[in-house]
Amino acid sequence: NSMVLGPDAEPGTPEFDLFVKELRKELTIKCGQRCTAVRRAMVPETRVEAVRDALKAQLDRVSIGDPAVDGVRMGALAGLDQRTEVESAVAKLMQEAELLYTVDAPVWVGADADKGAFYAPRLLAQSSPLTAERVHEVEPFGPVTTLLPYGSLDDAISLVHKGKGSLCCSIATGDSAVARKF
């Protein structure tokens, strides 16, 4: 599944802010374990750093651990086997991508990291998404999203189609012509 930041959505616009907020939610709700969760986020190539920085600021405030503890906003994966599967998928993606962000030293609030299937969110980037393969084929069923820079709206549309059967896609744009074309 994918989400596109429209070419008009600059930092400080409602569309940019909504895109970042929704991307954060996609990573943290149910620890990213939803069949409709965003795995590929298309971003204008001039805004990758801005999205990374804005998303990092939001994710740094997310408490991870026992959801029964007041203030915890993200729990564990479904089980230790699921964590192993997510780690394996991320290792495959990292053969073509780079890690842009993860929590440096996660604190699992009210939880034991050795017993729980905790996995901190990961934000990856693929610098050549039009020719890459794994990012369009490997789906980590957990809190992992890859930013895919694009040059033109036609490139973004091509990247969406490379998803091969995605369940959903959305675009954050304030430009009705962009929305119609997309």
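Details
- Residue within the range 115-122 that is within 19 Å of Gly32 (Cβ to Cβ), over 13 Å from the mean Cα position of the chain (by Cα) and of a type in the set (Gly, Ala, Ser) present: yes
- Test result for Ser170, touching a residue at least 60 places away in the same chain (Cβ under 8 Å), open to solvent by 30 Å² or more (accessible area, probe 1.4 Å) and of a type in the set (S, T, N, Q): yes
- Looking across the range 71-103, the residues that are buried (at least 17 other Cβ atoms within 10 Å of the Cβ) and either touching a residue at least 60 places away in the same chain (Cβ under 8 Å) or basic (Lys, Arg) (or both) come down to Met74, Leu77, Gln82, Arg83.
- Hits in the range 134-154 - residues which are open to solvent by 30 Å² or more (accessible area, probe 1.4 Å) and either under 21 Å from Asp81 (Cα atoms) or touching a His at 6+ places or on another chain (Cβ under 9 Å) (or both): Glu137, Val138, Glu139, Phe141
- For first residues located in the range 24-42 and within 24 Å of Ser158 (Cα to Cα), partners that are of a type in the set (Gly, Ala, Ser) and open to solvent by less than 10 Å² (accessible area, probe 1.4 Å) and lie 6+ apart or on another chain with Cβ distances below 7 Å form the pairs Glu26/Gly32; Glu26/Ala37; Val38/Ser2; Arg40/Ser2; Ala41/Ser2; Met42/Ser2; Met42/Ala156.
- Number of residues in the range 3-49 that are in contact with a Ser or Thr (Cβ under 7 Å, 6 or more places away or on another chain) and of a type in the set (Ser, Thr, Tyr) equals 0.
- Once the range 29-40 is narrowed to residues that are out of contact with any helix residue (DSSP H, G or I) (no Cβ under 6 Å at 6 or more places or on another chain) and buried (at least 20 other Cβ atoms within 10 Å of the Cβ), the residue that is farthest from Val135 (Cα to Cα) is Cys31.
- Asp66 over 25 Å from Ala156 (Cα atoms) and either among the basic types (Lys, Arg) or loosely packed, with under 12 Cβ neighbours inside 10 Å (or both): no
- Verdict on Pro106 being of a type outside the set (A, V, I, L, M), surrounded by 17 or more Cβ atoms within 10 Å (Cβ to Cβ) and either without any contact (Cβ under 8 Å) to a residue 40 or more places away in the chain or more than 21 Å from Asp155 (Cα to Cα) (or both): no
- Subset tally (residues that are outside any loop (DSSP other than H, G, I, E, B), charged (D, E, K, R) and within 22 Å of Ser127 (Cα to Cα)) for the range 145-182: 2
The values are calculated or read from the model by the stated rules, or taken from the named source; none is laboratory data. No experiment lies behind these values; they were computed from the predicted model shown. FYI the Cβ positions are ideal-geometry reconstructions off the backbone, even for glycines, and counts take in every protein chain you see. Protein only, heavy atoms only, side chains kept; ligands, DNA and RNA dropped before computing areas. Shrake-Rupley method; radii C 1.70, N 1.55, O 1.52, S 1.80 Å.
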